[in-house]
1. Just to be sure I understand the filter: pairs with C-beta atoms under 9 Å, separated by 6 or more residues or on different chains, first member in region 117-134 and within 12 Å of I205 (Cβ to Cβ), second member surrounded by fewer than 14 Cβ atoms within 10 Å (Cβ to Cβ) and modelled with pLDDT under 85. Which pairs pass?
2. Which of the residues that make up region 16-62 are closer than 16 Å to E145 by Cβ, at pLDDT 70 or above and touching a Lys or Arg at 6+ places or on another chain (Cβ under 8 Å)?
3. Let me spell it out: the conditions are (1) within 27 Å of V73 (Cβ to Cβ); (2) at pLDDT below 95, and L125 meets all of them except one. Which number is the exception?
4. For region 130-142, does any single residue satisfy the condition of being farther than 27 Å from A67 by Cα and either modelled with pLDDT under 80 or not hydrophobic (A, V, I, L, M, F, W, C) (or both)?
Amino acid sequence: MLEPTPSPDVEDLTPVASVWHTSIVVLFLFGGILLSVMLGYRPGSLLAKAGVSPGHAREIRYVVGIAAEWLIVAFIAWGVRARGGSLRMLVGERWPPRRALFRDVGLGVGAFVVIALAGGMVSALLKVTHYSPGLLLLLPRTPIELLIFFGVALTAGICEEIIFRGYLMRQLTAATKHPATGVALQAIIFGVGHGYQGAKHILAIAVIGVLLGVLARWRRSLYPGMIAHVIQDGFAGIVAYHVLR
């Protein structure tokens, strides 16, 4: 019971939803990029024209982002159920004994360290020395912003792992009949989906997507990746709050 949940390769090659459903999910993701740009606090943006202050603009973007990701997960759950499946088959089995919980927490913490180092190395190779304007607009500066940002981090950790490593990786693997291609393609979409952070950051985020994809395939579970993802985003928010306030 303490070993990674076994799953024959043939299961990875079986789609869990229809092609049109996956196409809509991808459109939702790229629509989210457009919405993020539209809500960005810069001259000409919707919030700037409405006279919303920068602080309130961040809070609005946090809440909208949280709602959007949970709506995508709800749509995925609907599409998977239409094929007789459930989100459980994407996420992985429930933790059986306490030792399995501790192991996945340990894997999540270890994965956080690895992806932080990998992201840092890629950023260094690309000579990324500062946050992009798009990313700076999202980082918290006040206690209330930081509190809501923790909700963003928790939502991203759960929802993005379900969307990218649970759903898209499974669908793309089934479509290409090659697990490595499924891992790579979901990572590319994951990176492009964070395009608001700047072109150079896309590659670093795609590398993180590959590492999380490999972890999900090896563990046959999204739990360690969810833990690593939440820690990564939450830690970034805490650091940004103390630096930018």
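1. S123/T129; S132/A199
2. R58
3. (1)
4. First, pick out the residues of region 130-142 that are farther than 27 Å from A67 by Cα: 130.
Applying the additional criterion that residues be either modelled with pLDDT under 80 or not hydrophobic (A, V, I, L, M, F, W, C) (or both) yields 130.
Yes, there is a match, as at least one residue in region 130-142 is farther than 27 Å from A67 by Cα and either modelled with pLDDT under 80 or not hydrophobic (A, V, I, L, M, F, W, C) (or both).
The values are calculated or read from the model by the stated rules, or taken from the named source; none is laboratory data. Quantities reported herein were computed from a predicted structural model and do not represent experimental measurements. With ideal geometry, Cβ positions are generated from the backbone for all residues, glycine too; neighbour counts draw on all protein chains shown.
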